[in-house]
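> My questions will all concern the structure given below.
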Amino acid sequence: MDLLRCSTRVTGYGPFSTEEWIAHFPFSKEAREFLEQQGFSISTFFEFENKVVERALERVRDAVEQGHVLSPSLESGFKYDFEVETLSYPVAIYLVASLGNRWLIERYASAESKRVFACLQLKRYPAEAVLQLARGGLEWKWVTYDSVLKAFKVPVIKYVKYAVRIGGPAWKLVNQRVEEGVVLLSYEKFLRFISEGVRLRILERCSQPAPQLETDVYKKSIEYIRSLLSQTMKPIAPMPKSVDPEAFPPCIQQLMRSIEEGRHLPHAARFFLASFLLRVGVKPDRVVEIFSRLPDFNRKRTEYYVRHIAGEKGGKKAYLPYSCERARSYGLCSMSDVCRQLQVQHPLQYYIRYRRAKRRESE
């Protein structure tokens with residue numbers, strides 16, 4: 001049986017081929033229609049070794065080792081099989097979901113979203129095609145495009161849902177152009193918005209139960225991914241003795257738990273955590289190692305970022321963490337009864353006053 005026999009070959013699709021479109025965006029409406037044509041269940045691909053499972057494992061390996069999924073369809077002159085490229089996407093998601101490892105789920109979702117963003121940026125598809133990808137692929141029926149303003153229109157409530165996860169001042173609602181309840185996004189910003197939608201969609205799919213299979217191909221695939229994880233995921237080392245994690249305010253403790261679980265942190269959360277840890281005495285190299293558990297970790301970029309916050313790079317200015325009020329504006333506040341008892345307005349106040357109270361109790 002030929003798993004890759006396509007009953008209906010796809011034809012040209014506007015200024016680009018459907019094959020290219022489906023290979024780039026295997027979550028698109030066109031890709032779903034293609035998959036339905038095949039009539040195979042996911043389990044079928046694990047009955048014997050084949051190119052689809054091989055490519056699915058490559059996708060997962062790229063995500064684990066490099067933080068982004070390589071896209072053969074983007075390589076000039078590189079021959080690729082659009083059917084393998086498309087079918088391997090749901091198979092990879094099934095494998096990731098089967099393991100149920102939170103770090104892997106977050107890492108894979110982030111890596112695929114980067115691949116999608118790279119495809120969109122490089123190919124520069126017409127705005128109408130990008131709109132179709134959003135409305136058909138992500139099922140964002142609430143998105144429209146204004147050809148006069150040359151802007152994508154996103155309802156405020158939907159914008160906040162996705163933009164808060166991207167983070168950074170550039171994505172705060174107050175910095176957007178808002179008219180009659182909708183946010184107007186430029187072509188470039190909407191591409192990033194779509195990639196975040198892809199990330200969240202994959203997170204949702206990978207968080208759904210995936211039944212374990214009994215075939216040798218499936219078991220070997222799972223063991224291969226486990227070996228990748230064992231080589232990559234290292235436990236977070238204890239804090240230096242001079243630093244008291246027990247005195248961290250609830251907001252910082254929550255961010256530390258998120259990192260330990262391998263969850264994605266938006267830009268504002270990363271700055272908040274890094275600046276706090278540096279101020280309480282954690283060395284820059286140690287902060288970088290803590291951040292290495294992030295699903296989209298890039299060592300070179302993180303090292304520069306952390307040293308910039310520490311005042312060792314750029315303008316040589318060391319940054320303070322956000323105040324409690326500023327943290328609340330970014331949705332990072334986790335106020336507790338202890339916060340109220342200590343009457344703090346800044347996370348560093350909490351740390352200092354908690355340690356002081358702790359010493360008094362021990363005397």
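The values are calculated or read from the model by the stated rules, or taken from the named source; none is laboratory data. Just so it is clear, the structure is predicted and the values come from calculations on it, not from any experiment. Cβ sites come from the backbone with ideal geometry, for glycine too, and all protein chains shown count toward neighbours.
> If the requirement is being closer than 30 Å to residue 153 by Cβ, touching a Leu at 6+ places or on another chain (Cβ under 7 Å) and outside the structural domain of residue 350 (by TED's automatic domain parsing), which of these qualifies: 194, 202?
Just a single option satisfies the conditions, and that option is 194.
> Let me ask another. Looking only at the stretch 250-260, which residues are surrounded by 12 or more Cβ atoms within 10 Å (Cβ to Cβ) and out of contact with any Leu (no Cβ under 9 Å at 6 or more places or on another chain)?
250, 253, 260, listed by residue number.
> Do we have any residue at all in the stretch 343-350 that's of a type in the set (Phe, Trp, Tyr), in a loop (DSSP other than H, G, I, E, B) and out of contact with any strand residue (DSSP E or B) (no Cβ under 6 Å at 6 or more places or on another chain)?
no
> Could you check residue 242 against (1) in a helix (DSSP H, G or I); (2) in contact (Cβ under 8 Å) with a residue 12 or more places away in the chain and say which number it fails?
The failed condition is (1).
> Then there's this: Within the set of pairs 6 or more residues apart or between chains, which connect a residue that is more than 16 Å from residue 92 (Cβ to Cβ) inside the stretch 205-231 to a residue that is among the β-branched types (Val, Ile, Thr) and outside any loop (DSSP other than H, G, I, E, B) with Cβ atoms less than 7 Å apart?
Qualifying pairs under 7 Å: none.
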